[in-house]
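Report on the following structure.
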């Protein structure tokens, strides 16, 4: 053994002993402080929308001259249309719309707090949005909602795009974990999962208005041991909510889905759609509110591989759409109902975008596209917005926000290059045609 | 042992996923599991207790914010160690001072030097104090975190071959400093 090798061993030994002198710390205090300093969703100042939601970004690409005036004109037009159309029209099925602004949350490089920004549909313009983390548009594009955690409570805030003070509703008094919710298509109501007072790991399904009034329980907590609800999604026609029951494996800590159910928003007509097992994943309504796309076990046995399925909300017509060796997840119906998009990944591989034309023969394989962290459909259904992350070094990330046509033929078109990470899936505002 | 490890991996992955979703109890479990190893890495770079605590705290704040972006939950350990090392390096550079705390009082007498040829910790501390924070980070990631050159490269922005050559020069320098004194 050479002197160099001998010395390296001695050095490793000494460094190991030296490292043992590291000071002790209170783990719980470290965690609490990290959560406080690390940037939890907080209520931002949000008064008049035109003045605060889309404030000019102080640096970067900046606001183009006249953009705010155009935006205000569009918002004014939306208010007039909404007022004339009335409540009933807003609850009617929503198919395709025009592409509005895209809002997303960025965790910048350099340890700065998370920022919400919005860009317009073609990727131009960049504006700060004064809201809590991970805001989402209502399906009709007329409201923007986010969660705020204050004094242990989880609150939902809903800002009408026409302006005014955001409406605030208490969803969970003592939130031990993030709260799952979904807005009604017009943003006037919310469905959420509330922990029971007896068992905080068990949740009940509630529906209530977003004006702060009390909600109503429409599904009691599941009765099986280790079971909980998840994956709730409000139907495009505003009448029903789909949700899943998951069973936690106490040995592994993982969860598998055991059932998918649909219930009327008033708690009536609750029925099972399928008991095909599957992974923790989203459930996607068809635009006509008649079917659900989901990922489930290929042959109905929990240990088998997963594929994408479509089933009617009456539980009929369950059929498999993929037979891929890759694992699919996050299926999402295009706004016009013509395509399903999802992510596919093999063992240890980065997920890739995939789309499947639903009018094609069922044997047609899905088209695979570029690698992708997540995706969303454009409101007009013509393209998908997605992102790829480049790790420049351990602390510096660059996110390429790109769009691609729904057949995944063309090269990805960069919309924005973000210095940092997009911390949750963006939301794309739907404007009426 | 293998069976235990196979059970631990999905449990850890599940904990990471829950923490990424905002589950504060799961996040606290991660702190309990990984805080100590992060502190050891940070201590080699910072050289004093106060700076180490600050670096570790800052690293966990970053981890809380960025957990949702962690692609492979089972690699949360190396990911956290990398953040801790970089935070410690940033902190020392920002304070623009070398660690000057006298650790001799905290070391047991028989650890100062060792008749079996071990490097004395006082000598090691003095030699570390003469290195740059970047160099101490390399040493901490290699010999305390146990990273190979490829993993170090991922966390430092250097090439793997660059890491190897820089480590070789560092070892030679330390051998000269420590053994020839």
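The values are calculated or read from the model by the stated rules, or taken from the named source; none is laboratory data. In this text, all values refer to a predicted model and were calculated from it rather than measured experimentally. Please note: Cβ atoms are built from the backbone with ideal geometry, for glycine as well, and neighbour counts cover all protein chains shown.
Identify the residue in region B:138-181 that is free of Cβ contacts under 8 Å to residues at least 40 places away in the same chain and in a loop (DSSP other than H, G, I, E, B) and, among all such residues, is nearest to the other protein chains (Cβ to nearest Cβ).
B:157
Looking at residue A:110 and the list (1) within 21 Å of the chain's Cα centre (by Cα); (2) at pLDDT below 85, which single condition is not satisfied?
All conditions are met except number (1).
Pick out the one residue from A:268, A:255, A:233, A:297 that is within 20 Å of the chain's Cα centre (by Cα) and modelled with pLDDT under 95.
Details: A:268 fails: within 20 Å of the chain's Cα centre (by Cα); A:233 fails: modelled with pLDDT under 95; A:297 fails: within 20 Å of the chain's Cα centre (by Cα).
When all the criteria are applied, what remains is A:255.
Would you confirm whether any residue within region A:400-409 is farther than 22 Å from residue A:328 by Cα and at pLDDT 90 or above?
Of region A:400-409, the ones farther than 22 Å from residue A:328 by Cα are A:400.
Subsequent filtering for residues that are at pLDDT 90 or above retains A:400.
So far as region A:400-409 goes, yes, one or more of its residues are farther than 22 Å from residue A:328 by Cα and at pLDDT 90 or above.
For region A:21-42: of the residues being assigned to a loop (DSSP other than H, G, I, E, B) and at the interface with chain B (Cβ under 7 Å from one of its Cβ atoms), which is modelled with the lowest pLDDT? Break it down into steps so the answer makes sense when it comes.
Kept after step one, since they are assigned to a loop (DSSP other than H, G, I, E, B), are these residues of region A:21-42: A:21-26, A:39-42.
If we keep only those that are at the interface with chain B (Cβ under 7 Å from one of its Cβ atoms) too, we end up with A:21-23, A:25, A:39.
Numbers: A:21: 88, A:22: 89, A:23: 87, A:25: 86, A:39: 63.
For region A:21-42, the residue satisfying everything is A:39.
Here is a list: A:211, A:182. Which entry is assigned to a loop (DSSP other than H, G, I, E, B), more than 26 Å from residue B:29 (Cβ to Cβ), modelled with pLDDT of 90 or more and in contact with a strand residue (DSSP E or B) (Cβ under 9 Å, 6 or more places away or on another chain)?
Details: A:182 fails: assigned to a loop (DSSP other than H, G, I, E, B).
Within the list A:211, A:182, the selection yields A:211.
Checking the conditions here, which among A:141, A:187 is touching a strand residue (DSSP E or B) at 6+ places or on another chain (Cβ under 9 Å), on the phi > 0 side of the Ramachandran plot and without any contact (Cβ under 8 Å) to a residue 60 or more places away in the chain? If you could, list the steps in order and put the result at the bottom.
On the way: A:141 fails: without any contact (Cβ under 8 Å) to a residue 60 or more places away in the chain.
Residue meeting the stated conditions: A:187.
What number goes with the only condition from (1) in contact with a strand residue (DSSP E or B) (Cβ under 8 Å, 6 or more places away or on another chain); (2) surrounded by fewer than 17 Cβ atoms within 10 Å (Cβ to Cβ); (3) more than 14 Å from chain B (Cβ to nearest Cβ); (4) part of a loop (DSSP other than H, G, I, E, B) that residue A:368 does not pass?
Tallying (1) in contact with a strand residue (DSSP E or B) (Cβ under 8 Å, 6 or more places away or on another chain); (2) surrounded by fewer than 17 Cβ atoms within 10 Å (Cβ to Cβ); (3) more than 14 Å from chain B (Cβ to nearest Cβ); (4) part of a loop (DSSP other than H, G, I, E, B), residue A:368 fails exactly one: (4).
Scan (1) modelled with pLDDT of 90 or more; (2) assigned to a loop (DSSP other than H, G, I, E, B); (3) within 30 Å of residue A:108 (Cα to Cα) for the single condition residue A:165 breaks and write down its number.
Residue A:165 satisfies all of (1) modelled with pLDDT of 90 or more; (2) assigned to a loop (DSSP other than H, G, I, E, B); (3) within 30 Å of residue A:108 (Cα to Cα) except (1).
Are any residues in region A:229-239 under 15 Å from residue A:277 (Cβ atoms) and surrounded by fewer than 20 Cβ atoms within 10 Å (Cβ to Cβ), and if so, which ones? Before the answer, list the steps.
Taking region A:229-239 first, the residues under 15 Å from residue A:277 (Cβ atoms) are A:230-231.
Within region A:229-239, A:230 is the sole residue that qualifies.
Going by what's in this entry, would residue B:128 be described as modelled with pLDDT of 85 or more, more than 13 Å from residue A:13 (Cα to Cα) and either surrounded by 18 or more Cβ atoms within 10 Å (Cβ to Cβ) or under 18 Å from the mean Cα position of the chain (by Cα) (or both)?
Working: modelled with pLDDT of 85 or more: yes; more than 13 Å from residue A:13 (Cα to Cα): yes; either surrounded by 18 or more Cβ atoms within 10 Å (Cβ to Cβ) or under 18 Å from the mean Cα position of the chain (by Cα) (or both): yes.
It is true that residue B:128 is modelled with pLDDT of 85 or more, more than 13 Å from residue A:13 (Cα to Cα) and either surrounded by 18 or more Cβ atoms within 10 Å (Cβ to Cβ) or under 18 Å from the mean Cα position of the chain (by Cα) (or both).
Here's a check for you: in region B:81-96, which residue that is in contact with a helix residue (DSSP H, G or I) (Cβ under 9 Å, 6 or more places away or on another chain) and away from every other protein chain (no Cβ under 11 Å) is modelled with the lowest pLDDT? Let's see the steps before the verdict.
Applying the first criterion (in contact with a helix residue (DSSP H, G or I) (Cβ under 9 Å, 6 or more places away or on another chain)) to region B:81-96 yields B:81-93, B:95.
Filter again for away from every other protein chain (no Cβ under 11 Å), leaving B:91-93, B:95.
On the way: B:91: 85, B:92: 85, B:93: 81, B:95: 71.
It comes out as B:95.
Touching a residue at least 12 places away in the same chain (Cβ under 8 Å) and over 25 Å from residue A:284 (Cα atoms): is that true of residue A:199 in this structure?
Numbers: touching a residue at least 12 places away in the same chain (Cβ under 8 Å): yes; over 25 Å from residue A:284 (Cα atoms): yes.
So residue A:199 passes the test.
State yes or no: is residue A:174 surrounded by fewer than 21 Cβ atoms within 10 Å (Cβ to Cβ), assigned to a loop (DSSP other than H, G, I, E, B) and more than 19 Å from the chain's Cα centre (by Cα)?
Working: surrounded by fewer than 21 Cβ atoms within 10 Å (Cβ to Cβ): yes; assigned to a loop (DSSP other than H, G, I, E, B): yes; more than 19 Å from the chain's Cα centre (by Cα): yes.
Yes; evaluated as a whole, the condition is true for this residue.
With the checklist (1) assigned to a helix (DSSP H, G or I); (2) modelled with pLDDT under 90 in hand, flag the one item residue B:22 doesn't pass.
The number of the failed condition is (1).
Yes/no matrix, rows are residues, columns are (1) modelled with pLDDT of 90 or more; (2) closer than 23 Å to residue B:171 by Cα; (3) under 14 Å from the mean Cα position of the chain (by Cα):
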site	(1), (2), (3)
B:61	no, no, no
B:72	no, no, no
B:121	no, yes, no
B:141	yes, yes, yes
B:156	no, yes, yes
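Which residue out of B:35, B:40, B:65, B:71 is within 9 Å of chain A (Cβ to nearest Cβ), free of Cβ contacts under 8 Å to residues at least 24 places away in the same chain and buried (at least 21 other Cβ atoms within 10 Å of the Cβ)?
Values: B:35 fails: free of Cβ contacts under 8 Å to residues at least 24 places away in the same chain; B:40 fails: free of Cβ contacts under 8 Å to residues at least 24 places away in the same chain; B:71 fails: buried (at least 21 other Cβ atoms within 10 Å of the Cβ).
Just a single option satisfies the conditions, and that option is B:65.
Could you figure out which of (1) modelled with pLDDT under 90; (2) closer than 25 Å to residue A:284 by Cβ isn't true of residue A:127?
Result: residue A:127 fails condition (2) only.
When you look at residue A:425, is it out of contact with any helix residue (DSSP H, G or I) (no Cβ under 9 Å at 6 or more places or on another chain) and surrounded by fewer than 16 Cβ atoms within 10 Å (Cβ to Cβ), yes or no?
On the way: out of contact with any helix residue (DSSP H, G or I) (no Cβ under 9 Å at 6 or more places or on another chain): yes; surrounded by fewer than 16 Cβ atoms within 10 Å (Cβ to Cβ): no.
For residue A:425, the condition - out of contact with any helix residue (DSSP H, G or I) (no Cβ under 9 Å at 6 or more places or on another chain) and surrounded by fewer than 16 Cβ atoms within 10 Å (Cβ to Cβ) - is not met.
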